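The values are calculated or read from the model by the stated rules, or taken from the named source; none is laboratory data. What you see is a predicted model, and the numbers here were worked out from it, not measured in a lab. In this analysis, Cβ positions are derived from the backbone assuming ideal geometry, glycine residues included, and neighbour counts consider all displayed protein chains. Remember, those area values only see protein heavy atoms, side chains included, never the ligands or the DNA or RNA. Shrake-Rupley method; radii C 1.70, N 1.55, O 1.52, S 1.80 Å.
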Amino acid sequence: MTTNHLVTFLPDNRSIGVRPGTTLLDASRRARVNIRTRCGGVAGCLMCKVYVSKEQASSLQAPTLAETRKLGPLLEAGTRLSCQARVKGDVTVTIPEDPLKAVIRKKLAEQEEDDFF
Ligand code: FES
């Protein structure tokens, strides 16, 4: 019998139990957490980047050759491609803010500041 591993996605704080070897992208879909992609999960677009702490890095399988080539030194900083990274233990993953949402949030904050004065 295969033991499921708990994958938690931040900042939504949604968790899902998945079988060992499941990609983080597949886990996110099952947990109904949105990770942007464009290449269909073949390490081509780099849009599916997520972050994993050093303490939890061993909860994922070693990076694939494609992931290593694409991310290079970012791997050392805890960046992984969710379409390539496979689960092998309980892990917490942080999804970066959508760049478009970040721009809108910043503009709204500036506008709010202007309205205040
Ligand atoms: S989905 Fe495109 S690189 Fe992961």
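So what J values fall out for region 8-22 if you push phi through Karplus, 6.51 cos²θ - 1.76 cosθ + 1.60 with θ = phi - 60°, rounded to Hz, Gly and Pro as x?
Values, residue by residue: 10, 9, 9, x, 5, 6, 9, 10, 8, x, 9, 6, x, x, 5 Hz.
DSSP loop (so not H, G, I, E, B), at most 14 other Cβ within 10 Å: list which GluC sites (Glu not before Pro) in region 13-117 pass both filters.
Details: sites: 55, 67, 76, 97, 110, 112, 113; in loops: 97.
Passing both the DSSP loop test and the Cβ count: 97.
Could you state the angle between the C-alpha long axis of helix 99-116 and the longest principal axis of the C-alpha atoms of the chain, as a value from 0 to 90 degrees rounded to the nearest 10?
Roughly 30 degrees, rounded to the nearest 10.
When we measure straight from the Cα of residue 106, which aspartates and glutamates land under 16 angstrom away, once same-chain ones fewer than 8 places off are left out?
Hits, sequence-local ones excluded: 97, 98, 114, 115.
How compact and how long is region 1-60, expressed as Rg and Dmax of its alpha-carbon atoms in Å?
11.9, 36
Using the C-alpha gyration tensor of region 61-117, what are the square roots of 5 times its eigenvalues, in whole angstrom, with the largest one first? Before the final figure, lay out each step's value.
On the way: eigenvalues 259, 33, 15 Å².
Semi-axes from the Cα gyration tensor: 36, 13, 9 Å.
Given the Cα-Cα distance of residue 32 and residue 90 and 0.36 nm per residue of separation, how much length would full extension add, in nm? Can you show the working numbers first?
Numbers: separation 58, 0.36 × 58 = 20.88 nm, distance 1.80 nm.
In short, 19.1 nm is gained.
Give me the mean projected area, in nm² to one decimal, of the convex hull enclosing the Cα positions of the chain. All intermediate terms of the calculation are to be shown ahead of the outcome.
On the way: hull surface 34.7 nm².
Hull-based average projected area comes out at 8.7 nm².
To the nearest 0.05, what FRET efficiency results for residue 62 and residue 98 with a Förster distance of 25 Å applied to their C-beta separation?
Details: r = 28 Å, r/R0 = 1.13.
For residue 62 and residue 98, the calculated efficiency is 0.30.
Helix-derived [θ] at 222 nm for the chain: sum -39500 (n - 2.57) over DSSP H runs of at least 4, divide by residue count, nearest 500?
Working: 3 runs with 32 residues, N = 117.
Mean residue ellipticity at 222 nm (helix-derived): -8000 deg cm²/dmol.
Using a Cα-Cα cut-off of under 30 Å, which lysines could be cross-linked to residue 107, ignoring same-chain neighbours fewer than 8 residues away?
Within reach: 49.
For residue 101, list the aspartates and glutamates whose Cα falls under 19 Å from its own Cα; do not include residues on the same chain fewer than 8 positions away.
In chain and number order, the partners are 12, 110, 112, 113.
Report, to the nearest whole %, how much of the accessible area of the chain belongs to carbon and sulfur atoms, 1.4 Å probe, protein only. Spell out each step's value before the answer.
On the way: 3950 of 7730 Å².
Result for the chain: 51 percent of the exposed heavy-atom area is carbon or sulfur.
Evaluate the relative contact order of the chain (contact order divided by residue number), counting alpha-carbon pairs under 8 angstrom at least 6 apart; express in whole percent.
Working: 182 pairs, mean separation 37.7, N = 117.
It rounds to 32 percent for the chain.
In nanometres, what is the gap between the two model label sites at residue 47 and residue 112, each 7 Å from Cα along Cα-to-Cβ?
It is 2.8 nm.
How large is the accessible surface per residue of the chain, computed with a 1.4 Å probe and reported in Å² as a whole number? Can you show the working numbers first?
Working: 7730 Å² over 117 residues.
Value returned for the chain: 66 Å² of accessible area per residue.
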